[in-house]
1. Rounded to the nearest 0.05, what FRET efficiency is calculated for E47 and S76 with R0 set to 25 Å and r the Cβ-Cβ distance?
2. Relative to the present Cα-Cα distance, how much length would full extension add between Y59 and S12 at 0.36 nm per residue of separation?
3. Got a sec to turn the phi values of region 56-69 into Karplus ³J(HN,Hα) couplings, 6.51 cos²θ - 1.76 cosθ + 1.60 with θ = phi - 60°, whole Hz, x for Gly and Pro?
4. Residue by residue through region 18-35, what is 3J(HN,Hα) from phi via Karplus (6.51 cos²θ - 1.76 cosθ + 1.60, θ = phi - 60°)? Round to whole Hz and write x for glycine and proline.
5. Which value, in debye to the nearest 20, describes the size of the charge dipole of region 13-103 about its Cα centre when Lys and Arg Cβ atoms bear +1, Asp and Glu Cβ atoms bear -1, and nothing else is charged?
Amino acid sequence: MSQTDHTCPDLSPRHRRLLFRASHRGTKETDLMIGGFVSRNIRTFNEAELDELEAVLEYLDVDLVDWLSGRRPIPSEMMTPMLARMAEACSESGAGMPESVRRA
């Protein structure tokens with residue numbers, strides 16, 4: 001992880017745990033999309049946003065990839081501000097790619 005390492009000592013244990021969970025999902029697509037989003041934003045999340053992130057991380061990878069890639073709409077009952085932020089970030093060109101590749 002180039003932006004924020006999950007072992008970074010200046011992050012709280014909760015922040016480090018969530019960053020690790022976000023970037024070790026089990027599929028490369030979600031590792032890149034969700035892990036990248038969380039890595040770029042983890043330092044700014046307040047406690048309520050961390051709660052929302054934890055809830056999002058409970059969803060299945062297949063659903064998250066479909067929702068975040070726009071293949072399927074996010075069901076209204078699943079929509080949260082955090083999931084909306086992720087979907088917006090993942091709709092940008094080059095989403096899920098490391099910053100070094102996106103800038104090249």
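1. 0.50
2. 14.6 nm
3. 3J(HN,Hα) across region 56-69, in whole Hz: 4, 5, 7, 6, 5, 4, 4, 5, 4, 4, 4, 5, 6, 8.
4. Using θ = phi - 60°, the values come out as 5, 4, 4, 4, 5, 9, 10, 7, x, 10, 4, 4, 6, 4, 6, 5, 6, x Hz.
5. 460 debye
Rule-based calculations on the coordinates, nothing more; no lab input. Since the structure is predicted, the reported quantities are computational estimates derived from the model, not experimental observations. Neighbour counts run over all protein chains shown; Cβ positions are idealised from the backbone, glycine included.
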